[in-house]
Each structure stands twice: as C-alpha cells, then as structure tokens.
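Here's the structure we're looking at; comments come further down.
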Amino acid sequence: MFTHKPSLTLRLAVLISLCLSQLIGFAPSTSLATTTGFSQTARLPANLTNCGGGVFSAPITYSVGSSNVPNFLSNADLNNDGKLDLVSANFQNGTGYAISVLLGNGDGTFQPAKNFGAGIDAISLAIGDLNGDGKLDLATVAWTSSATVNVFYGQGDGTFQTGPAYAVGFNPQGVAIGDLRGNGKQDLVVVSNDNTLVHLVANKPTVG
C-alpha cells in the first residue's frame, strides 16, 4: 500500500523516451529500441556492429495492437529467464491497454506483444518491486483527467495484474521508483505539470 505525501516543488527538464540496452545476448553489441508515437508499433533497430561502430541494422517492427499508441519504452527481465524484455506505456484509443509486454528471445527478437491494463492510459512507466515479493512490477501515469499513478503487479512470468491507482496532481507526466526514505521499501515519485510539482507516494507494501 502507498500513502500520498505533500508535494515538493521543483523545476525539471523535459525527458524523451529512449531505451538502450544489450538486447542481444552477446557482447559487445548494443541495441536501441524506440516508440514511433501516434502509430501502433514499437520499433527495434538492433545494433549488430562491434566496438561502438554506430551502424544499425534495418528496424524490426512489432505491433502492440490497433488501439494502443506507444509513448514510452523500457526494458527489464520481466519473466526471470535471463533475457531482456520490452515494455511500452500506451495511450489507448478507448478500447486499448495501458502496457504492452514483448518478451525477449535473447537474440534481439521479441515475441508478440501481450497487453495489460484495459481502458487505462499511460504515457510513462517505471519498473521495480513495489510489493516486496521479488517480482518486478510496473507503475504508469498519463496526462488525462484521471490524474493517477497506476500500479500493475508482476506475476514473475511476464504477465501483470492491475493493482491500485493513487491520485496525484493534475496532468502527471512521468514516474520513477526508488527507496527515497531509506527503509528498504520502493516509493513512487510522480512529476506533474500542475505548477511543476513532484508528488511522493510512500510505500507501505504488503505481499500479494
């Protein structure tokens, strides 16, 4: 569970989503993944060059569904198989989903997207273990009238259950996860466009 703390006023720079990792299971190659914005695809150009050559192969395009517009992309091992997976935050068109998960094959390719969070908008996300069960969870925000941060609890196999939503300031733009109070519990920080506020959602986790 989380409790909402008084907002902190800070001025922050605008961030643009970019996902850079070793998505291919051998070194020294690095891969780059981006979202296309206002279309229903997540694009993965895999860098197959050695020693920082900076030359990328042709993009591989993965669909996240006709009602989902991917806005933010991140990566982590979401199903504990030692391979990096991709997850996108989506702005849905009324019948879409907040998040799309593409499980990695370890060679720079990905399985078809699985979608979670029906009817919820998301433009940014963060990854961390929010309920202390050793499985990675997701937190998303969107600049819609709902003005909430939404939690999705990971099942350890790349699937997610929709958890609680917590009210934050109007027009939230970004979210981060970290132990801000030094008590071993992962808290949520939400950046809002409401007078450039930062909202702390303190964690009081229960497993489940």
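Key figures for this structure:
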quantity: Partner aspartates and glutamates for Lys114 [C-alpha distance under 19 Å; skip if fewer than 8 residues away on the same chain]; calculated: Asp77, Asp81, Asp85, Asp137, Asp157
quantity: Orientation-averaged projected area, Cα convex hull of the stretch 92-181 (nm²); calculated: 6.8
quantity: Cα-centre dipole for the stretch 130-195 with unit charges at Cβ (Lys and Arg positive, Asp and Glu negative), debye to 20; calculated: 60
quantity: Mean Cα-pair separation over length for the stretch 145-192, i.e. relative contact order, pairs under 8 Å, 6 or more apart, %; calculated: 32
quantity: Long-range HN-HN contacts of Trp143 with modeled amide H, under 5 Å; calculated: Ile123
quantity: Potential lengthening between Asn183 and Asp157 on full extension [0.36 nm per residue; Cα-Cα distance subtracted]; calculated: 6.6 nm
quantity: The stretch 57-136 - percent relative contact order, Cα under 8 Å, separation 6 or more; calculated: 28
quantity: Inter-probe distance in nm under a simple model that places probes 7 Å from Cα toward Cβ, at Gln111 and Ala165; calculated: 2.9
quantity: Ala176/Thr95 FRET efficiency (R0 41 Å; Cβ-Cβ; nearest 0.05); calculated: 0.90
quantity: Over the stretch 91-197, relative contact order from alpha-carbon pairs under 8 Å, at least 6 apart, %; calculated: 20
quantity: Where the stretch 82-189 is the region considered: accessible area per residue in Å², 1.4 Å probe; calculated: 37
quantity: Segments 125-131, 181-187, 93-99 sorted - mean Cβ within 10 Å per residue, highest first; calculated: 125-131, 93-99, 181-187
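The values are calculated or read from the model by the stated rules, or taken from the named source; none is laboratory data. What you see is a predicted model, and the numbers here were worked out from it, not measured in a lab. A quick note on method: Cβ atoms are made from the backbone with ideal geometry, for glycine too, and the neighbour counts reach across all protein chains shown. Protein only, heavy atoms only, side chains kept; ligands, DNA and RNA dropped before computing areas. Shrake-Rupley method; radii C 1.70, N 1.55, O 1.52, S 1.80 Å.
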